[in-house]
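The values are calculated or read from the model by the stated rules, or taken from the named source; none is laboratory data. Nothing here was measured: the structure is a model prediction, and the numbers come from that model. Reconstructed Cβ throughout: ideal geometry from the backbone, glycine too, with neighbour counts over all protein chains shown. Please note that ligands, DNA and RNA were not included when accessible areas were found on the heavy atoms of the full protein model with its side chains. Shrake-Rupley method; radii C 1.70, N 1.55, O 1.52, S 1.80 Å.
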Amino acid sequence: EDQVTQSPEALRLQEGESSSLNCSYTVSGLRGLFWYRQDPGKGPEFLFTLYSAGEEKEKERLKATLTKKESFLHITAPKPEDSATYLCAHLTQGGSEKLVFGKGTKLTVNP
Amino acid sequence: EAGVVQSPRYKIIEKKQPVAFWCNPISGHNTLYWYRQNLGQGPELLIRYENEEAVDDSQLPKDRFSAERLKGVDSTLKIQPAELGDSAVYLCASSFRTSGSETQYFGPGTRLLVL
């Protein structure tokens with residue numbers, strides 16, 4: 001069964017303290033690995049899509065990387081406005097195309 | 001460009017009452033999704049439309065949930081009758097489906113509380 005597991009469940013950082021969030025997945029064939037950011041009371045906001053091992057994408061202080069079994073979201077010198085829940089998802093194979101999400105990592109960046 | 005629009009944003013109802021949610025996708029997006037997100041969980045797909053056709057409704061509890069997408073644009077998700085366990089955030093997403101892995105863009109969601 002396709003699964004996505006995110007760790008840690010929650011992470012507290014001081015402003016400027018870099019860290020990484022992990023997303024491990026078990027899927028027979030990866031069609032895409034997606035990262036979303038979700039603020040309280042809002043819908044998920046698209047960040048990145050990764051398709052193959054070794055691929056990397058960056059946006060401001062965020063960089064997403066992908067291996068054959070996991071993806072990392074690296075946060076460099078975070079600011080309080082980076083506080084949010086970060087969701088990872090993969091797109092299933094075959095006719096039933098849907099995003100399978102992890103439970104997310106709740107990131108809090110203290111000033 | 002306007003994003004996915006959903007209404008209402010919040011809804012509080014008594015159990016056994018009906019409720020309906022409305023979604024307007026991003027202009028030009030032919031695929032529309034309804035997800036349900038419980039507290040502390042990631043979204044889970046309820047139904048997917050390609051144009052007017054529901055191509056995946058395997059996760060939709062059909063005894064009480066129904067959905068429609070008339071004219072392949074707006075969509076409505078209905079629950080009748082609502083149960084306490086239906087309290088959740090109902091998210092609508094849309095994408096432009098091509099042969100590859102398309103990106104899904106989400107609306108703000110409707111927060112449902114069933115008392």
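Being acidic (Asp, Glu) and surrounded by 15 or more Cβ atoms within 10 Å (Cβ to Cβ): is that true of B:GLU44 here?
On the way: acidic (Asp, Glu): yes; surrounded by 15 or more Cβ atoms within 10 Å (Cβ to Cβ): yes.
The answer is yes for B:GLU44.
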Exercise. Is it fair to say A:PHE72 is more than 10 Å from every other protein chain (Cβ to nearest Cβ), aromatic (Phe, Trp, Tyr) and farther than 24 Å from B:ARG9 by Cα?
Worked result: yes
Among residues of the stretch B:8-40 being surrounded by 14 or more Cβ atoms within 10 Å (Cβ to Cβ) and of a type in the set (Ser, Thr, Tyr), the residue modelled with the lowest pLDDT is B:THR31
Scanning the stretch A:75-111 for residues that are within 14 Å of another protein chain (Cβ to nearest Cβ) and among the polar types (S, T, N, Q) gives A:THR85, A:THR92, A:GLN93, A:SER96, A:THR105
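Evaluate the following for B:ALA67: is it crowded, with 18+ Cβ neighbours inside 10 Å, farther than 19 Å from A:PHE34 by Cβ and away from chain A (no Cβ under 14 Å)? Break it down into steps so the answer makes sense when it comes.
Values: crowded, with 18+ Cβ neighbours inside 10 Å: yes; farther than 19 Å from A:PHE34 by Cβ: yes; away from chain A (no Cβ under 14 Å): yes.
Spelling it out, B:ALA67 is indeed crowded, with 18+ Cβ neighbours inside 10 Å, farther than 19 Å from A:PHE34 by Cβ and away from chain A (no Cβ under 14 Å).
Determine whether A:TYR51 is on the phi < 0 side of the Ramachandran plot, modelled with pLDDT of 95 or more and within 14 Å of another protein chain (Cβ to nearest Cβ).
Numbers: on the phi < 0 side of the Ramachandran plot: yes; modelled with pLDDT of 95 or more: no; within 14 Å of another protein chain (Cβ to nearest Cβ): yes.
Against the criterion (on the phi < 0 side of the Ramachandran plot, modelled with pLDDT of 95 or more and within 14 Å of another protein chain (Cβ to nearest Cβ)), A:TYR51 does not qualify.
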Taking the stretch A:10-45 and the residues there that are acidic (Asp, Glu) and within 23 Å of A:LYS98 (Cα to Cα), the one that is farthest from the chain's Cα centre (by Cα) would be A:ASP39
Going through (1) within 14 Å of chain A (Cβ to nearest Cβ); (2) of a type in the set (Phe, Trp, Tyr); (3) free of Cβ contacts under 8 Å to residues at least 60 places away in the same chain; (4) open to solvent by 30 Å² or more (accessible area, probe 1.4 Å) one by one, B:TYR49 fails only at (4)
Counting only residues in the stretch A:83-103 that are open to solvent by 10 Å² or more (accessible area, probe 1.4 Å) and within 16 Å of the chain's Cα centre (by Cα), the one farthest from A:SER28 (Cα to Cα) is identified as A:SER83
Exactly one of B:PRO81, B:PRO61 is surrounded by fewer than 18 Cβ atoms within 10 Å (Cβ to Cβ), assigned to a loop (DSSP other than H, G, I, E, B) and free of Cβ contacts under 8 Å to residues at least 12 places away in the same chain, and that residue is B:PRO61
Check your understanding: When you look at B:SER87, is it open to solvent by less than 50 Å² (accessible area, probe 1.4 Å), of a type in the set (S, T, N, Q) and farther than 20 Å from A:LEU99 by Cβ, yes or no?
Key -> yes
